[in-house]
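The values are calculated or read from the model by the stated rules, or taken from the named source; none is laboratory data. Since we're looking at a predicted model, the values are computed, not measured. Counting neighbours? That spans all protein chains shown, and the Cβs are built from the backbone with ideal geometry, glycine included.
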Amino acid sequence: MALKSSYETTVCRTFSQPNQSKLQQALKEALIGSPLAQRTFGVLPIGDASAVFVSGMDPEDNTIPPFVHPYLIENFKGKQYLISDIRPFKGTLSLYPDEAEFEKTVRNASEYALVKNRAALELFWVAGERTKIRSQLSFAGSVFGSWIAQSVTKVFALDFHDQLRVTALAMYYFHLLFDDGSVLTDRALEVAAIHTINVTKLEAAEVYALFETMPEIHDANDFCEAVKLKLENVRLAEFNLAMLLTLIRNTWYGNNAKDVIATALEYPPAWIAIVYAAMTEKTYKNSPVYKLIEIQAKRSRNVEEFRLNYEGFLRRVMALETIDQPLVFKDFDDV
């Protein structure tokens with residue numbers, strides 16, 4: 001059920017669809033009639049796919065409605081454009097600065113870094129490197145499972161074993177978000193099972209029994225139904241996507257946080273970018289997502305590998321300052 005862009009997620013289809021045609025038309029006109037196609041802010045293209053940014057640096061930008069997520073325009077004059085809106089971060093008083101001045105005077109550097117780093121990762125997704133993203137950034141899947149399970153467990157008062165089973169189901173679902181099918185099979189199922197066993201410490205027989213009998217999942221609604229089906233717990237009778245969105249909406253903060261975290265439920269690049277931002281930006285150290293990362297870091301050896309691999313992706317398409325110091329996770333009381 002791998003999606004091409006954030007705007008294919010359930011939340012964006014439901015709430016943003018009426019405005020998407022207007023936005024797409026405005027972006028196409030800007031690609032033709034303004035410097036937008038050259039506004040890369042140092043992000044290199046991958047094949048025929050380019051990341052570009054609406055920055056407010058050009059008069060034509062005023063005709064483009066504001067938008068939250070990177071917007072994908074396919075097969076436009078032989079190219080693909082992944083377009084992000086960075087106008088909220090324009091800090092310079094100059095009416096039409098150059099890119100260097102924009103970045104030197106950027107407002108809210110942490111959130112700007114999240115937007116730009118997310119766009120870079122999504123560029124690899126668009127360019128067909130989903131499998132590499134999944135395998136090299138698997139730590140984000142471990143955090144995803146914990147994120148869903150803890151959100152659900154607290155409200156529905158599930159016991160520890162059911163919490164582990166929700167974690168397992170969430171990790172299955174996370175792996176499915178990289179797959180073109182509606183169920184995991186063969187090698188994809190095996191990879192998901194091994195990852196889940198390592199994280200949850202559930203017996204292999206139980207994990208395979210869960211995974212090999214999973215119903216088809218096409219979106220987050222189906223995932224919620226699968227959780228109810230597999231747990232057979234009467235406490236989850238009222239569990240659905242609306243409830244899940246309510247549970248996760250305060251786990252992240254910042255510009256358009258509720259929109260971004262809801263999209264991350266179905267679109268891995270958004271979630272992985274959040275995990276990286278929480279891990280590396282002090283701004284997010286009090287977020288619930290950071291605390292989940294901290295817990296997983298104590299159980300896993302690949303947290304540092306995740307950061308290095310993410311930065312490896314970034315370095316392939318843009319200049320990136322080296323972070324020499326290893327990650328240090330403080331106790332909750334110190335955060």
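Data table
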| item | result |
| --- | --- |
| Qualifying residue in segment 19-33 (condition: part of a loop (DSSP other than H, G, I, E, B), at pLDDT 90 or above and in contact with a helix residue (DSSP H, G or I) (Cβ under 9 Å, 6 or more places away or on another chain)) | no |
| Some residue of segment 106-114 being more than 13 Å from the chain's Cα centre (by Cα), under 24 Å from Tyr7 (Cβ atoms), crowded, with 18+ Cβ neighbours inside 10 Å and charged (D, E, K, R) | yes |
| Residue in segment 182-214 that is farthest from the chain's Cα centre (by Cα), counting only those that are surrounded by fewer than 13 Cβ atoms within 10 Å (Cβ to Cβ) and assigned to a loop (DSSP other than H, G, I, E, B) | Glu203 |
| Failed condition for Asp162, given (1) in a helix (DSSP H, G or I); (2) under 30 Å from Lys90 (Cβ atoms) | (2) |
| Test result for Asn255, under 18 Å from the mean Cα position of the chain (by Cα), surrounded by fewer than 16 Cβ atoms within 10 Å (Cβ to Cβ), within 30 Å of Pro88 (Cβ to Cβ) and at pLDDT below 95 | yes |
| Condition met for Val43 (farther than 24 Å from Glu129 by Cα and under 22 Å from the mean Cα position of the chain (by Cα)) | no |
| Among residues of segment 129-147, those that are within 14 Å of the chain's Cα centre (by Cα) and buried (at least 19 other Cβ atoms within 10 Å of the Cβ), counted | 12 |
| Of the criteria (1) assigned to a loop (DSSP other than H, G, I, E, B); (2) within 28 Å of Lys285 (Cα to Cα), which one Ser110 fails | (1) |
| Arg235, sole failed condition from (1) charged (D, E, K, R); (2) closer than 16 Å to Ala170 by Cα; (3) in a helix (DSSP H, G or I) | (2) |
| Near pairs, Cβ below 8 angstrom, 6+ apart or cross-chain, from segment 232-246 (within 13 Å of Ala220 (Cβ to Cβ)) to any residue that is of a type in the set (Lys, Arg) and modelled with pLDDT of 95 or more | Phe239/Lys228 |
| Leu244, sole failed condition from (1) touching a Phe, Trp or Tyr at 6+ places or on another chain (Cβ under 9 Å); (2) outside any helix (DSSP H, G or I) | (2) |
| Selection count, segment 165-181, where residues are of a type outside the set (Phe, Trp, Tyr) and assigned to a loop (DSSP other than H, G, I, E, B) | 4 |
